Amino acid sequence: MTNRIANSLAPLALYGFLRPRAKYADEVRRALSDLVEPTRSEPGNLAYHLHEQEDGRFFLYEVWRSREDLDRHNALPALRAFLGNLPAFLEGPPEVYADTMISPYADSAESAPLGTVPV
(Lines give C-alpha, C1' and ligand atoms only; values in the text may rest on other atoms or scores of the structure.)
Protein backbone atom coordinates (compact mmCIF):
# COMPACT_ATOMS: atom_id res chain seq x y z
CA MET A 1 0.00 0.00 0.00
CA THR A 2 1.31 3.46 -0.84
CA ASN A 3 1.43 6.29 1.64
CA ARG A 4 -1.34 8.65 0.54
CA ILE A 5 -0.01 11.47 2.70
CA ALA A 6 3.30 11.36 0.83
CA ASN A 7 1.59 12.85 -2.25
CA SER A 8 2.64 16.47 -1.80
CA LEU A 9 0.52 17.73 -4.71
CA ALA A 10 -2.91 16.63 -3.40
CA PRO A 11 -4.92 18.73 -0.94
CA LEU A 12 -4.31 17.70 2.65
CA ALA A 13 -7.01 17.69 5.34
CA LEU A 14 -5.94 18.07 8.94
CA TYR A 15 -8.50 17.61 11.69
CA GLY A 16 -8.66 16.80 15.34
CA PHE A 17 -9.93 17.39 18.83
CA LEU A 18 -8.47 19.33 21.74
CA ARG A 19 -9.87 18.97 25.26
CA PRO A 20 -8.90 21.97 27.40
CA ARG A 21 -8.53 21.78 31.14
CA ALA A 22 -11.74 23.29 32.55
CA LYS A 23 -9.97 26.26 34.12
CA TYR A 24 -8.37 27.13 30.75
CA ALA A 25 -11.37 26.62 28.44
CA ASP A 26 -11.95 30.33 27.81
CA GLU A 27 -8.27 30.99 27.24
CA VAL A 28 -7.95 28.09 24.79
CA ARG A 29 -11.12 29.21 22.98
CA ARG A 30 -9.70 32.74 22.57
CA ALA A 31 -6.29 31.50 21.44
CA LEU A 32 -7.76 29.11 18.88
CA SER A 33 -10.21 31.75 17.66
CA ASP A 34 -7.34 34.20 17.19
CA LEU A 35 -5.70 31.73 14.77
CA VAL A 36 -8.68 31.50 12.40
CA GLU A 37 -8.40 34.64 10.24
CA PRO A 38 -4.59 34.78 10.03
CA THR A 39 -4.49 31.12 9.03
CA ARG A 40 -7.22 31.57 6.42
CA SER A 41 -5.13 34.34 4.82
CA GLU A 42 -2.02 32.16 4.47
CA PRO A 43 -1.01 31.01 0.99
CA GLY A 44 -2.24 27.48 0.40
CA ASN A 45 -4.96 27.47 3.04
CA LEU A 46 -8.23 26.31 1.49
CA ALA A 47 -10.30 25.99 4.66
CA TYR A 48 -9.87 26.53 8.38
CA HIS A 49 -12.75 25.96 10.79
CA LEU A 50 -13.02 25.87 14.56
CA HIS A 51 -15.95 24.16 16.29
CA GLU A 52 -16.83 23.73 19.95
CA GLN A 53 -18.43 20.43 20.94
CA GLU A 54 -21.11 20.07 23.61
CA ASP A 55 -18.64 18.16 25.79
CA GLY A 56 -16.19 21.09 25.81
CA ARG A 57 -13.75 19.75 23.21
CA PHE A 58 -12.66 21.92 20.31
CA PHE A 59 -12.67 20.46 16.82
CA LEU A 60 -10.39 21.93 14.15
CA TYR A 61 -10.73 21.24 10.45
CA GLU A 62 -8.16 22.54 7.98
CA VAL A 63 -7.57 21.93 4.28
CA TRP A 64 -4.24 22.83 2.69
CA ARG A 65 -3.40 22.90 -1.00
CA SER A 66 -0.31 20.76 -0.39
CA ARG A 67 1.95 19.24 2.24
CA GLU A 68 4.43 22.04 1.53
CA ASP A 69 1.81 24.68 2.38
CA LEU A 70 0.99 22.93 5.66
CA ASP A 71 4.69 22.57 6.48
CA ARG A 72 5.21 26.30 5.84
CA HIS A 73 2.26 27.07 8.14
CA ASN A 74 3.61 24.77 10.87
CA ALA A 75 7.03 26.43 10.67
CA LEU A 76 5.71 29.90 11.55
CA PRO A 77 7.38 31.04 14.80
CA ALA A 78 4.12 32.22 16.39
CA LEU A 79 2.40 28.91 15.67
CA ARG A 80 5.38 26.91 16.93
CA ALA A 81 5.34 28.90 20.18
CA PHE A 82 1.57 28.39 20.54
CA LEU A 83 1.84 24.64 19.95
CA GLY A 84 4.79 24.40 22.34
CA ASN A 85 2.75 25.95 25.15
CA LEU A 86 -0.54 24.21 24.36
CA PRO A 87 -0.04 20.91 26.28
CA ALA A 88 -0.10 22.73 29.64
CA PHE A 89 -3.64 23.92 28.85
CA LEU A 90 -5.04 20.55 27.75
CA GLU A 91 -6.28 17.50 29.64
CA GLY A 92 -4.32 15.20 27.34
CA PRO A 93 -2.59 15.10 23.99
CA PRO A 94 -4.51 16.42 20.98
CA GLU A 95 -6.25 13.82 18.85
CA VAL A 96 -5.01 14.74 15.36
CA TYR A 97 -5.49 13.19 11.93
CA ALA A 98 -4.04 14.16 8.56
CA ASP A 99 -5.15 12.63 5.29
CA THR A 100 -4.61 13.34 1.63
CA MET A 101 -7.96 14.14 0.06
CA ILE A 102 -9.08 11.70 -2.61
CA SER A 103 -12.10 13.75 -3.63
CA PRO A 104 -11.49 17.00 -5.49
CA TYR A 105 -11.58 20.13 -3.36
CA ALA A 106 -14.28 22.45 -4.64
CA ASP A 107 -13.97 26.07 -3.65
CA SER A 108 -17.03 28.30 -3.44
CA ALA A 109 -16.66 29.42 -7.07
CA GLU A 110 -16.89 25.83 -8.31
CA SER A 111 -19.48 24.46 -5.88
CA ALA A 112 -22.97 23.72 -7.12
CA PRO A 113 -25.87 25.54 -5.45
CA LEU A 114 -27.38 23.48 -2.65
CA GLY A 115 -30.61 22.94 -4.59
CA THR A 116 -28.76 21.17 -7.41
CA VAL A 117 -26.99 18.64 -5.22
CA PRO A 118 -28.86 15.38 -4.51
CA VAL A 119 -29.31 14.87 -0.79
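Would you pick out the residues in segment 86-103 that are farther than 18 Å from residue 15 by Cβ and either at pLDDT below 95 or aromatic (Phe, Trp, Tyr) (or both)?
Residues of segment 86-103 farther than 18 Å from residue 15 by Cβ: 87-89, 91.
Result: 89, single match.
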For the structure I just gave you, tell me whether residue 63 is open to solvent by 80 Å² or more (accessible area, probe 1.4 Å), in a strand (DSSP E or B) and among the β-branched types (Val, Ile, Thr). no
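Looking only at residues that are part of a strand (DSSP E or B) and not aromatic (Phe, Trp, Tyr) in segment 29-53, which one is nearest to residue 71 (Cα to Cα)?
Just the residues of segment 29-53 that are part of a strand (DSSP E or B), to begin with: 45-52.
If we keep only those that are not aromatic (Phe, Trp, Tyr) too, we end up with 45-47, 49-52.
Values: 45: 11, 46: 14, 47: 15, 49: 18, 50: 20, 51: 23, 52: 25 Å.
If we take residues in segment 29-53 being part of a strand (DSSP E or B) and not aromatic (Phe, Trp, Tyr), then 45 is nearest to residue 71 (Cα to Cα).
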Residue hits (segment 12-28; more than 13 Å from the chain's Cα centre (by Cα) and assigned to a strand (DSSP E or B)) are 20
Specify which of the listed residues (40, 30, 57) is modelled with pLDDT of 95 or more and surrounded by 15 or more Cβ atoms within 10 Å (Cβ to Cβ). 57
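Looking at this structure, is residue 107 among the charged types (D, E, K, R), modelled with pLDDT of 95 or more and part of a loop (DSSP other than H, G, I, E, B)? Working first, answer last.
On the way: among the charged types (D, E, K, R): yes; modelled with pLDDT of 95 or more: no; part of a loop (DSSP other than H, G, I, E, B): yes.
Spelling it out, it is not the case that residue 107 is among the charged types (D, E, K, R), modelled with pLDDT of 95 or more and part of a loop (DSSP other than H, G, I, E, B).
The values are calculated or read from the model by the stated rules, or taken from the named source; none is laboratory data. No experiment lies behind these values; they were computed from the predicted model shown. Heads up, the Cβs are rebuilt from the backbone with ideal geometry, glycines too, and the neighbour counts pull from every protein chain shown. Heads up: the accessible areas ignore ligands, DNA and RNA and are worked out on the full protein's heavy atoms, side chains in. Shrake-Rupley method; radii C 1.70, N 1.55, O 1.52, S 1.80 Å.
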